[in-house]
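Notes follow the structure.
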Amino acid sequence: MKEVIIKGKKFILPQYLPDATRGYVKSVDMKDLEDTGVTGVMVNTYHLMENPGLDVIEKAGGVKKYMGFEGLVSSDSGGWQMFSLIHRNAKAGKITDEGVTFKFGDGKKGLVTPEDIIKAQFRIGSDIMICLDDFSPPDATESRLKDSVKRTIYWAKRSKIAFEKQLDLYGFTDDNRPILLAPVQGGKSKELRKYCVEELVKIGFDAYGFGGYVVDEEGNWDLDMSEYLVNLLPKDSLKFALGIGRIGDIYNLAKMGWDIFDCTLPTRDARHKRLYILNSDKSDCSYLYMGKTKHVDNFDSVDHTCDCLTCKKYTISYLNHLFNTNDPLAYRLASIHNIRSYTILVKSLQNIIQ
């Protein structure tokens, strides 16, 4: 099996991290996550800075104690969220080499630098920390992509310096320190992706991430770019497919060499009445849609091969009833099943990937 040691703890790869963006995974609690086999989550630095705030998290003893979760915690920089808002509305902020000038939820504008994001992640207490990068939208021009790559590299240099200063300040050693990840930008340009990797490797990071959003006209993930990029990265580095989370994509990318995945898809689909039924080889899934008349007297379980609470104790008819009566329990039970489908998937991959 393929393994990684982070802060002295061993984790089997690949890993799927549900998005606990604001310190929680929607509709489920931490006991639910543990029961489904989840061993790590992804939180969002930007959102936690806004609410409840870093002071609260620090007083609680870090985000793990605050959430009541003992597993692996990765913290996204929040760059994607800030940049997305700016791309949709130029008045929301401005991106410069210095950092991101951004209007927060309270209406106040302030400069957020790569150094600020690193310091915030130390206060959060995450295990995998992610550099602020200049996210490039799918429709970016060549000029914008070049700026994105150049700025991402520049910010990565500053982030690495800030990270090492914080390691000294907090007294971490090589055995118990968090790890630092740099996202790779470059859009659909292999030339820019290669250049970005080369420059980031010169700086030196523990892990590298698939930055940006690369899909075809039908919305399918670009598997060719995925394989090209993973083969550029250092073999001994951790490789994080950031935000990539469809079951078929995880299956394909994990076999290419990508190690960690995160996304909101399982719980979002659950809230929209879409449940997963894994294929026999776990390479993809079909879907079961709740809220339909045909399910009223269907007393089967959602998936006979799944061992989650939902499939063991409840029928499709009952779950359908919960959705039709808008009971919040529907979201919990559907989320538990979908998340368990993901952990079954990665468990099967852990057994075949060396």
Per-residue ³J(HN,Hα) for the range 175-184, Karplus 6.51 cos²θ - 1.76 cosθ + 1.60, θ = phi - 60°, Hz, x for Gly and Pro: 7, 10, 7, x, 10, 10, 10, 10, x, 9
Listed residue pairs exceeding 25 Å between alpha carbons, taken from K31/K160; K31/K347; K7/K188; K2/K282; K165/K188; K146/K202: K31/K160; K7/K188; K165/K188
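Answer rounded, prolate or oblate for the range 78-194, using the Cα gyration tensor with square roots of eigenvalues a ≥ b ≥ c: rounded when a/c is under 1.5, else prolate when a/b is larger than b/c, else oblate.
Taking the square roots of the gyration eigenvalues as a ≥ b ≥ c, the range 78-194 is oblate.
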Listed residue (V73, V100, I86) projecting farthest to the positive dipole end of the range 48-117, Cβ model: I86
For the range 2-263, with +1 on Lys and Arg beta carbons and -1 on Asp and Glu, the positive-most of L242, G257, I153 along the dipole: I153
K31 versus K59: modelled label distance in nm, points set 7 Å from Cα along the beta carbon direction: 2.7
Listed residues P114, P234, P328, most fluctuating in the chain (Gaussian network, C-alpha, under 10 Å): P328
Neighbour cut-off at most 14 other Cβ (10 Å), DSSP loop, trypsin sites (Lys or Arg not before Pro), the range 84-180: K108
Binned Cα-Cα distance frequencies in the chain - 20 Å width, integer %: 30, 58, 12, 0
18 Å Cα-Cα reach of K292 towards lysines, excluding residues that sit fewer than 8 places from it in its own chain: K273
Karplus 3J(HN,Hα) series, Hz, for the range 11-16 with 6.51 cos²θ - 1.76 cosθ + 1.60 (x for Gly, Pro): 10, 7, 9, x, 10, 10
Sum of -39500 (n - 2.57) over DSSP H runs of 4+, divided by residues of the chain (222 nm, nearest 500): -13000 deg cm²/dmol
The range 44-130 - convex hull of alpha carbons, volume per residue in Å³: 88
Two-site FRET efficiency, D216 against D168, from Cβ-Cβ distance with R₀ of 35 Å, rounded to 0.05: 0.15
Residues with amide H under 5 Å from that of C285, placed H, sequence gap 5 or more: G248, N279
Sequence-separation-based contact order of the range 2-263, relative, with Cα cut under 8 Å and 6+ spacing, percent: 18
Assigned charges on the beta-carbon of Lys, Arg, Asp, Glu; the chain dipole about Cα centre (debye): 560
Unit charges at the beta carbon, dipole of the range 195-354: most positive-side option, S301, Y208, P266: S301
P(r) histogram, all alpha-carbon pairs of the range 274-335 included - 5 Å bins from 0, percent: 4, 20, 30, 27, 13, 5, 1
5 angstrom amide H check on L17, placed H, neighbours 5+ away: F261, D262, C263
Max mean-square fluctuation residue, GNM over the chain, Cα-Cα springs under 10 Å, options E191, E58, E217: E217
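No value in this document is a laboratory result; all are computed from the given coordinates. Source: prediction; values computed, not measured. Quick reminder, even Gly has a Cβ in these numbers, built from the backbone with ideal geometry, and neighbours come from all protein chains shown.
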